[in-house]
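The values are calculated or read from the model by the stated rules, or taken from the named source; none is laboratory data. Bear in mind the structure is a predicted one, so any value in this text is a computation, not a measurement. All Cβ positions, even for glycine, are placed from backbone atoms using ideal geometry, and neighbour counts span all protein chains on display. The area values use the complete protein model at the heavy-atom level, side chains included, leaving out ligands, DNA and RNA. Shrake-Rupley method; radii C 1.70, N 1.55, O 1.52, S 1.80 Å.
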Amino acid sequence: MIRWLATLGLAALASPLRAETCRLALALAMDISTSVDATEDTLQRQGLAAALVAPEVTEAFFSSPMPVALAVYEWSGRSTQRVILNWSMIRTRADLLAAATTVQQSVRSDSGSATAMGYALAFGATLMQQAPPCLFQTIDLSGDGSNNDGYGPDSAYRHFPFQDVVVNGLVINAADFEGELFLIPFFENNVLHGPGAFLEVAQGFEDFERAMRRKLERELQGLQIGALSGEAPK
């Protein structure tokens with residue numbers, strides 16, 4: 001009986017909940033392709049920074065004592081992907097503020113490239129392999145256009161490691177012909193990936209912050225680990 005209890009105890013220690021260091025590895029990808037002008041880039045960059053520290057998003061980050069690992073990168077053409085915030089474990093509100101400040105102070109690396117969405121997703125999958133061990137993995141892809149350079153999302157999903165990765169989308173609908181008639185279904189049919197994947201829509205770049213707040217809150221609140229409880233970090 002004692003031996004059986006000891007074995008049970010070792011099994012509990014080896015369970016996924018105890019083995020992982022965080023509940024979610026979340027990579028946020030921002031579109032900086034040529035269709036995004038300087039003003040729109042600022043709205044997107046500052047909107048993401050503001051969304052990260054919005055009260056409802058902050059509450060969602062710390063809804064469990066298990067932390068979130070966060071990374072942010074920008075993407076456009078085949079060879080234009082750059083990490084803005086490398087993997088950072090968000091354990092306290094100070095960590096979250098530091099991450100938001102890094103995004104807010106970042107400078108766009110390119111403004112003349114096409115929209116290589118497959119390459120952006122492949123970059124995200126590679127980045128995810130460098131993440132801390134977490135219970136769940138999510139890539140959060142924002143964009144105002146569909147793929148027009150290189151291979152598409154379907155090829156990225158076939159040839160890169162997405163087996164345990166969910167990809168959510170944020171369409172920035174700039175109220176143009178493509179956005180109104182094509183872009184939303186393109187994201188729904190080609191970008192969303194994995195169980196529970198969902199799409200959020202921003203009605204123009206001015207609406208990006210609101211849409212990002214909603215998306216982050218949904219992603220983070222959906223991963224509260226059942227019976228875990230603890231004090232919110234200071």
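General observations
Conditions tested, residue by residue: (1) within 20 Å of His193 (Cα to Cα); (2) touching a strand residue (DSSP E or B) at 6+ places or on another chain (Cβ under 7 Å).
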{"residue": "Met89", "(1), (2)": "no, yes"}
{"residue": "Thr101", "(1), (2)": "no, no"}
{"residue": "Leu141", "(1), (2)": "yes, yes"}
{"residue": "Arg158", "(1), (2)": "yes, no"}
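- Given (1) closer than 19 Å to Ala25 by Cα; (2) over 14 Å from the mean Cα position of the chain (by Cα), index of the condition Asp140 fails: (2)
- Cβ-Cβ under 6 Å pairs, at least 6 apart or on other chains, the stretch 56-69 side outside any loop (DSSP other than H, G, I, E, B), far side crowded, with 21+ Cβ neighbours inside 10 Å and not hydrophobic (A, V, I, L, M, F, W, C): Val57/Arg213
- Selected residue (criterion: nearest to Ala131 (Cα to Cα)) from residues of the stretch 65-101 that are of a type in the set (Gly, Ala, Ser) and open to solvent by 10 Å² or more (accessible area, probe 1.4 Å): Ser88
- Of the residues examined, Gly9 is not one that is out of contact with any Ser or Thr (no Cβ under 7 Å at 6 or more places or on another chain), within 26 Å of Arg108 (Cα to Cα) and either open to solvent by less than 50 Å² (accessible area, probe 1.4 Å) or modelled with pLDDT of 95 or more (or both).
- Failed criterion for Thr42 (all others in (1) free of Cβ contacts under 8 Å to residues at least 12 places away in the same chain; (2) closer than 21 Å to Ser155 by Cβ hold): (2)
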